[in-house]
1. Tell me, in nm to one decimal, what length is gained between residue 81 and residue 15 on full extension, where the rule is 0.36 nm per residue of separation less the Cα-Cα distance?
2. Summing +1 for each Lys or Arg and -1 for each Asp or Glu, what net charge is found among the other residues whose Cβ lies under 9 Å from the Cβ of residue 72?
3. As an exercise, use a Förster radius of 41 Å and the Cβ-Cβ distance of residue 89 and residue 31 to find the FRET efficiency, rounded to the nearest 0.05.
4. Determine which residues of the stretch 134-152 fall in the zone a paramagnetic label at residue 114 would reach in this model, i.e. backbone nitrogen under 12 Å from the point 7 Å along Cα→Cβ.
5. For residue 71, give me every one of the lysines with a C-alpha distance below 19 angstrom, ignoring sequence neighbours fewer than eight places off in its own chain.
Amino acid sequence: MGGHNQPFVLWNEPLFWVFCWAIGGIIGAAINTRKGWDATVGFFGGFILGPVLVWLFLLQSDNKKGMGLKKCPYCAEWVKRKATVCRYCHKELPPDIPVNIPPPQAIPVYPTINFACPSCRQRLSAPCEKAGVTTACRFCKQPVTIPTHSDA
Ligand SMILES: [Zn+2]
Ligand SMILES: [Zn+2]
C-alpha cells in the first residue's frame with residue numbers, strides 16, 4: 001500500500017462505473033425489449049443513462065444542504081442546520097455559513113478625476129482610465145497631463 005493515502009471515493013473507482021453502465025445497459029435493454037424495440041438501442045441508452053442516474057443520486061445526497069441540514073466538518077455526518085453541537089461527535093460546530101452563495105463581485109468603478117488646469121486654473125475633469133494622458137485644456141487649449149488622483 002505504501003505512500004498514497006487517497007481517501008476511498010466510490011465514484012473514483014472505474015469498476016463502480018463499469019457496474020453502473022452494466023446495470024444501466026441491462027435496465028435499458030429490458031425496457032426496450034418489452035416495448036418491442038431493438039435491445040441494442042436500449043443497451044446503449046442505458047449505458048448513457050446509468051451514470052447519469054447515479055450522478056443524480058449523488059446530487060440528491062448533496063441536496064440535503066437545502067433540507068435544513070449541514071455536514072459536520074469533524075465527522076462528516078449530516079446534522080441540523082441550526083445545531084451548534086454535533087449530535088454524533090459532540091464537537092462544537094462553526095456558525096452556519098450559507099453555501100453556494102458567491103461573494104459579491106466588486107463592481108469596477110471608474111471615478112472621475114477632478115483637477116485644475118496648471119495654466120488657467122479652470123476646473124477640469126477626466127475619467128480615471130485617462131490618468132497620465134496629456135490632453136489639451138478645454139479652456140486655454142494648453143497641454144495638461146491628467147493626474148492619477150483628484151486634487152480636491
Ligand atoms: Zn460531528
Ligand atoms: Zn487651461
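1. Stretched out fully, the residue 81 to residue 15 stretch lengthens by 20.3 nm.
2. Values: positive: 70, 71, 87, 91; negative: 77.
Computed value for this residue: +3.
3. 0.40
4. It comes to 150-152, nothing else.
5. Correct list for residue 71: 80, 82, 91.
None of the figures in this text is laboratory data; all of them are computed from the coordinates on show. Everything numeric here is computed off the predicted structure, so don't read it as measured data. Neighbour counts are summed over all protein chains in view; Cβ atoms, including those assigned to glycine, are modelled from backbone coordinates with ideal geometry.
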